[in-house]
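These notes concern the structure reproduced below.
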Amino acid sequence: MLVKILQILNEPADLRESVRGIVEVLQQEVGFDAVGIRLEGGEEEGDFPYWAQEGFTREFLLAANSLVERTSDGATCRDKNGKVCLECTCGLVISGKTNPAHPLFTPGGSFWTNDSPQLLSILPEQEPRHNPRNECIHHGYNSIALVPIQSRGRIVGLIQLNDRRKGRLTLEMVEQIEQLAALIGEALRRKQAEDALRESEFFFRESQRAAAIGSYGTDFITGRWKSSEVLDAIFGIDAAYDRTIEGWLDLVHAEDQEMMRQYLAEEVIGQGKPFAKEYRITRRSDGETRWVNGLGEVKFDGSGKLVSLIGTIQDITERKHTEQELVRIQRLRAVGELSAGVCHNLNNLLTGVLVPAEMVQMASTDAKIQRLAGTIIEVGTRAAELVHRLHLSVRGTSSETLVPVGLNPVIDGAVQMSRPRWKDEPEAKGLVIEVRTELAEVPPVMGTPSELNDLMINLVFNAVDAMPEGGQITIRTVLEGQFVRLEFRDSGTGMDEETRLRIFEPFFTTKQHIGTGLGLATLYNSVTQWGGSVQVESAPGKGTTFILRLPIWKQKDEMAPASTPAIGSRPGRVLIVEDEEALGRALKEVLSPRHEVEIFSDGQVALEQFRAGTYDVAILDLGLPGLSGDRLAQRIQELDPAVGRILFTGWELEADDPRRRVFDLALQKPLRSLRDFEYHVAEAIQLHDRRNAG
């Protein structure tokens with residue numbers, strides 16, 4: 001998307017045509033119902049109408065195109081400095097008056113919401129917007145983002161994204177659009193400068209100022225240089241400044257001075273090369289470090305002697321900052337990829353620890369050996385949970401993809417992740433907060449792991465805030481019909497009836513009881529969107545109990561068995577392809593008492609040895625030498641469609657990952673239970689027999 005937009009801005013078209021092209025690309029890439037760009041200009045001074053838009057109705061544009069605030073008699077409102085006042089949320093964003101501490105706004109000055117009708121319930125004294133017209137809400141848009149377009153610290157317009165669906169935005173997405181808006185602002189500024197240069201000398205001087213490009217001329221005979229007004233502003237100097245070569249070097253950042261001295265002497269003066277260098281300066285007026293790009297053409301006299309250097313210097317600080325931010329984002333992405341690989345390797349290693357430990361525990365009758373094996377399993381399981389939390393923290397799960405989630409492991413993980421808040425911090429103050437869990441065996445619920453994890457942590461944090469003198473948190477789960485009932489109880493200060501009735505309102509705040517209030521509103525929205533319900537019981541001095549009813553996962557998951565198979569299914573012939581040889585041997589030890597097992601460590605070798613009718617079940621790792629597990633599964637399906645194919649991997653794949661499609665069942669490393677492993681093998685054997693019978 002960024003490349004397409006930059007190509008548009010670099011084409012020799014007028015500005016308005018370029019903006020139309022940008023809007024078309026934005027709508028195609030983000031898939032929102034309506035996209036628009038507001039820029040300054042139009043029929044009225046100081047207004048920011050839509051320069052281009054896609055998807056907005058004529059009725060909407062008639063009502064929302066102008067942002068100018070009017071007096072009761074229809075006149076233009078102006079502030080004490082005579083500047084035109086802008087209204088509604090668009091006007092607030094363009095005016096740069098957003099509050100970064102408010103949940104509706106980002107530190108970059110953007111506004112965003114995934115459920116705009118909730119804004120209608122905000123009390124007037126809590127309203128963060130300026131004279132809201134609510135046209136977007138009245139026209140059915142739920143997800144809205146307003147991102148300022150900035151150029152050299154000045155807001156010159158905004159990008160507007162509207163969609164009738166809820167939940168279309170994330171903070172990360174808004175921040176990415178902010179980065180894009182910064183690049184658009186920079187590019188638009190350059191394009192405006194180019195247009196201005198074509199018109200006249202007057203517009204030439206103005207365009208220099210707009211583009212932060214100053215010009216200079218250096219006379220090497222006298223050793224002095226002249227500068228334009230814009231260049232003086234970039235350097236932060238006045239007319240009295242010493243415009244000599246040494247004076248210029250004094251403006252160069254101390255760490256770059258020797259480099260630039262050598263560059264000027266050896267390459268420009270010594271070899272007569274054109275000046276082309278990016279370097280840092282220390283602006284004389286305020287001491288701020290700025291990046292500049294210097295360009296210059298050299299001139300020689302009749303004898304070939306260098307006599308002058310004429311060129312431009314542009315302030316490129318904002319561009320450098322944008323580049324650095326993009327590099328930071330790439331590094332974070334690389335960290336995410338690295339962490340996924342680390343999690344995969346650790347999951348493999350932990351499987352090689354947990355499987356033998358459980359086998360020892362099951363085989364031995366010695367109480368001490370069983371106890372020691374149990375310790376290994378306990379510590380290994382905790383390590384596996386830590387690896388899983390690491391995966392969630394850097395990769396997350398799409399809030400739009402509902403998957404079956406084991407609620408009890410999420411609760412255990414959230415309790416451990418929030419331990420510093422409920423245990424370490426209170427103990428440092430001499431307080432004690434106890435967390436008790438009473439978790440029954442319950443089936444998976446509908447949701448996403450990351451959102452359920454955040455939901456639980458938010459409840460813990462709220463409970464800690466409600467217990468300033470310490471207390472107890474009790475978390476229970478129990479099956480209740482087609483729902484799993486989650487009870488979260490604290491022994492804190494509780495709340496009165498008026499507060500209890502309002503706690504799920506967005507942005508409702510009561511410092512003593514519920515902090516900012518946004519977390520509970522998010523909790524309510526998530527659970528109800530999943531088909532569940534939330535209620536709260538509380539009274540002053542009697543603590544608070546949240547009761548969440550989460551729907552059991554009903555959608556058929558092709559990667560999970562339709563029903564729990566009987567462990568007593570017939571013996572089978574099992575193929576295991578696992579490149580961790582020690583793990584392969586351990587798995588063979590588990591299955592050999594009942595099944596015929598053959599092991600390979602190379603996917604290509606396993607395929608070459610495979611013959612139709614030889615195996616009932618194939619258990620395949622994903623990352624294999626020779627041939628990947630998913631490609632091997634595809635070839636096995638072609639050669640013998642009856643074989644039950646089990647994916648056994650340390651990679652935590654998304655539910656819609658295409659590599660999962662060729663498998664019938666899936667097991668995540670590390671194994672948490674040998675019994676679960678045997679169930680999957682038995683189910684695969686039954687699947688094989690059903691295919692042969694059908």
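The values are calculated or read from the model by the stated rules, or taken from the named source; none is laboratory data. For clarity, every value in this text was computed on a predicted model and none was experimentally measured. Quick reminder, even Gly has a Cβ in these numbers, built from the backbone with ideal geometry, and neighbours come from all protein chains shown. Remember, those area values only see protein heavy atoms, side chains included, never the ligands or the DNA or RNA. Shrake-Rupley method; radii C 1.70, N 1.55, O 1.52, S 1.80 Å.
Couple of notes before you dig in:
- Taking the criterion of being under 28 Å from the mean Cα position of the chain (by Cα) and over 21 Å from Lys588 (Cβ atoms), the residues of the range 635-694 that qualify are Trp651, Glu652, Leu653, Glu654, Ala655, Asp656, Asp657, Pro658, Arg659, Arg660, Arg661.
- Hits in the range 591-634 - residues which are among the β-branched types (Val, Ile, Thr), within 18 Å of Asp579 (Cβ to Cβ) and not in a helix (DSSP H, G or I): Val597, Ile599, Ile619
- Of the residues making up the range 284-307, those that are surrounded by 15 or more Cβ atoms within 10 Å (Cβ to Cβ) and under 36 Å from the mean Cα position of the chain (by Cα) number 4.
- Sub-9 Å Cβ pairs linking a first residue in the range 157-169 that is closer than 21 Å to Ile184 by Cβ to a second residue that is in a strand (DSSP E or B) and of a type in the set (Asp, Glu), at least 6 apart or interchain, are Leu169/Asp163, ordered by first then second residue.
- Considering each residue of the range 598-612 in turn, none proves to be among the hydroxyl-bearing types (Ser, Thr, Tyr), farther than 20 Å from Arg691 by Cβ and either open to solvent by 60 Å² or more (accessible area, probe 1.4 Å) or at pLDDT below 85 (or both).
- The residue that is farthest from Glu178 (Cα to Cα), among those in the range 48-106 that are within 32 Å of the chain's Cα centre (by Cα) and among the acidic types (Asp, Glu), is Glu87.
- Evaluated against (1) crowded, with 22+ Cβ neighbours inside 10 Å; (2) of a type in the set (Gly, Ala, Ser); (3) farther than 27 Å from Val360 by Cα, Ala618 falls short on exactly one condition, (3).
- Filtered by the rule that a residue be open to solvent by 20 Å² or more (accessible area, probe 1.4 Å) and not basic (Lys, Arg), the range 535-555 gives Gln535, Glu537, Ser538, Ala539, Pro540, Gly541, Ile552, Trp553, Gln555.
- Lys226 vs. criteria within 43 Å of the chain's Cα centre (by Cα) and not hydrophobic (A, V, I, L, M, F, W, C): no
- Any hit, the range 562-569, residues being at pLDDT 90 or above and not β-branched (Val, Ile, Thr): no
- Annotation note: of Leu518, Leu523, Leu486, the sole residue that is at pLDDT 75 or above, under 22 Å from Trp112 (Cβ atoms) and not hydroxyl-bearing (Ser, Thr, Tyr) is Leu523.
- All strands (runs of 3 or more DSSP E) inside the range 1-117 with 2 or more residues being open to solvent by 40 Å² or more (accessible area, probe 1.4 Å): 50-54
- Pairs where the first residue, in the range 289-306, is over 21 Å from Ala254 (Cα atoms) and the second is open to solvent by 20 Å² or more (accessible area, probe 1.4 Å) and not in a strand (DSSP E or B), C-beta under 8 Å, 6+ apart: Gly296/Pro274; Glu297/Pro274; Val298/Lys273; Val298/Pro274; Leu306/Phe220; Leu306/Ile269
- Filtered by the rule that a residue be within 23 Å of Ala181 (Cβ to Cβ), part of a loop (DSSP other than H, G, I, E, B) and open to solvent by 60 Å² or more (accessible area, probe 1.4 Å), the range 118-155 gives His130, Arg152, Gly153.
- Applying the criterion of at least 2 residues that are crowded, with 20+ Cβ neighbours inside 10 Å to the strands (runs of 3 or more DSSP E) found wholly in the range 397-483 leaves 445-447, 471-480.
- Options Arg631, Arg594; residue that is open to solvent by 60 Å² or more (accessible area, probe 1.4 Å) and within 30 Å of Met362 (Cβ to Cβ): Arg594
- Filtered residue count, the range 659-679, keeping only those that are open to solvent by 20 Å² or more (accessible area, probe 1.4 Å), of a type outside the set (Asp, Glu), over 22 Å from Leu627 (Cβ atoms) and in a helix (DSSP H, G or I): 2
- Any chance Gln324 is at pLDDT 65 or above, open to solvent by 20 Å² or more (accessible area, probe 1.4 Å) and under 27 Å from Thr649 (Cα atoms): no
- In the range 353-364, the residues that are more than 17 Å from Val379 (Cβ to Cβ) and free of Cβ contacts under 8 Å to residues at least 60 places away in the same chain form no Cβ pair under 9 Å with any partner that is in a loop (DSSP other than H, G, I, E, B) and among the aromatic types (Phe, Trp, Tyr), whether six or more places apart or across chains.
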